[in-house]
Amino acid sequence: MNYKHTQTGYLIIVVLFAVVSLFGFILSTTDFEPIVFAIMLLSVLILISFATLKVMIDEKYLRIKYGYGIFWKKFPLNEIVSARTVKNHWYYGWGIRLWLWPKMVIFNVSGLDAVEIKMKNGKIYRIGTDEPKQLESAILQAIKLKFAGF
């Protein structure tokens, strides 16, 4: 079972263009300061890294990767015990979020739809997606194949 889908965070891209425009204006109207430029560049690189979220399922792992791959995580399929479609609250936000009540980690770039996976160790993760039913189905199919010994 192979699954691959990339979700784009369009609002993050709009914010990125606004930030780049602001930084361009600041750089064109002030003297060049290497420290300020380095902070601006780092800010833009971090924003770019959260512009997309790629979800992949292969024979062994469910993998997620933000942008160009600085932030990523992989989940062994044989450690996943369940998957279900959920709606995140608006205040859960976007990016990588650690919530203490309920205790979980959220990976999201846009929207409120997600798939919640529970691991054998009791940890809960939510993966944001714009195709929640397809992702849920792909995860359930992949973990059934793992439990069947394939």
With axes computed from alpha carbons, what is the tilt in degrees of helix 34-49 against the longest principal axis of the chain, rounded to the nearest 10 within 0 to 90?
30 degrees
Charge context of ARG84, other residues only, Cβ under 9 angstrom, K/R +1, D/E -1
-1
Between LYS144 and TRP101, what is the spin-label point distance in nm, taking each point 7 Å from the Cα along the Cα→C-beta axis?
3.8 nm
Sort the stretch 4-69 into rounded, prolate or oblate with this rule: let a ≥ b ≥ c be the square roots of the eigenvalues of the Cα gyration tensor; rounded if a/c is under 1.5, and if a/c is not under 1.5, prolate when a/b is larger than b/c, oblate otherwise.
oblate
So for the chain, using the alpha carbon gyration tensor with a ≥ b ≥ c as root eigenvalues (a/c under 1.5 gives rounded; past that, a/b versus b/c decides prolate or oblate), I'd call it prolate
Taking Lys and Arg as +1 and Asp and Glu as -1, residues besides VAL55 with C-beta under 14 Å from its C-beta add up to +2
Once you have the Cα-Cα distance between HIS89 and ILE26, take 0.36 nm times their residue separation minus that, and quote the gain in nm to one decimal.
19.1 nm
Pairing the Cα long axis of helix 10-29 with the longest principal axis of the chain, what angle in degrees results, from 0 to 90 and rounded to the nearest 10?
20 degrees
Any residue on another chain or 5+ positions along whose placed amide H is under 5 Å from the amide H of VAL86 is listed here as ALA114, VAL115, GLU116
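Bear in mind these aren't lab numbers, they're just calculated from the coordinates by the rules spelled out. Given the structure is predicted, the values throughout are model-derived calculations rather than measurements. Cβ atoms come from the backbone with ideal geometry, glycine included; neighbour counts cover every protein chain shown.
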